[in-house]
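Everything on this sheet refers to the single structure shown next.
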Amino acid sequence: MHEMSIAQSLVDILREEMTRHQASTLKSVRLHLGQLSAIVPASLSFCFEVITAGTNLEGAELIMETIPLRAACRDCDASFDIENYVFKCPHCGSARIDTLSGQELSIVEMEVD
Ligand SMILES: [Zn+2]
């Protein structure tokens, strides 16, 4: 399960941010999960709880939002959301598309004390 390593790097980033802002407790963190990141939210929050148990990050709430996969067509320049994993331009039918977002995990905001 790759959520464990993702949760670990997430915790590393959060710790760094908290040090920079001299925060002592983390209340919540809002994340954007790309559809293609293949992250299972329940699994990520479980791993997060395991890693942060007994630390100053313990009890923080993970708020996760799945963001749609955006792509742009190289042939007609249209940009669109990819649905049902159909990697084809809905406007001209071309398969020459570039994905713009939806593969990443990003921290949108964190609430600290
Ligand atoms: Zn197109």
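The values are calculated or read from the model by the stated rules, or taken from the named source; none is laboratory data. The shown structure was predicted, so the numbers you read here are calculated from the model rather than taken from an experiment. Every residue, glycine among them, receives a Cβ derived from its backbone with ideal geometry; neighbour counts consider all protein chains shown.
For the reader, a short list of remarks on this structure follows.
- Test: residue in the range 74-94 that is part of a helix (DSSP H, G or I), surrounded by 12 or more Cβ atoms within 10 Å (Cβ to Cβ) and either at pLDDT 90 or above or not small (Gly, Ala, Ser) (or both): no
- Residues in the range 95-113 that are more than 8 Å from the ligand (Cβ to nearest atom) and part of a strand (DSSP E or B): 98, 99, 100, 101, 105, 106, 107, 108, 109, 110, 111, 112.
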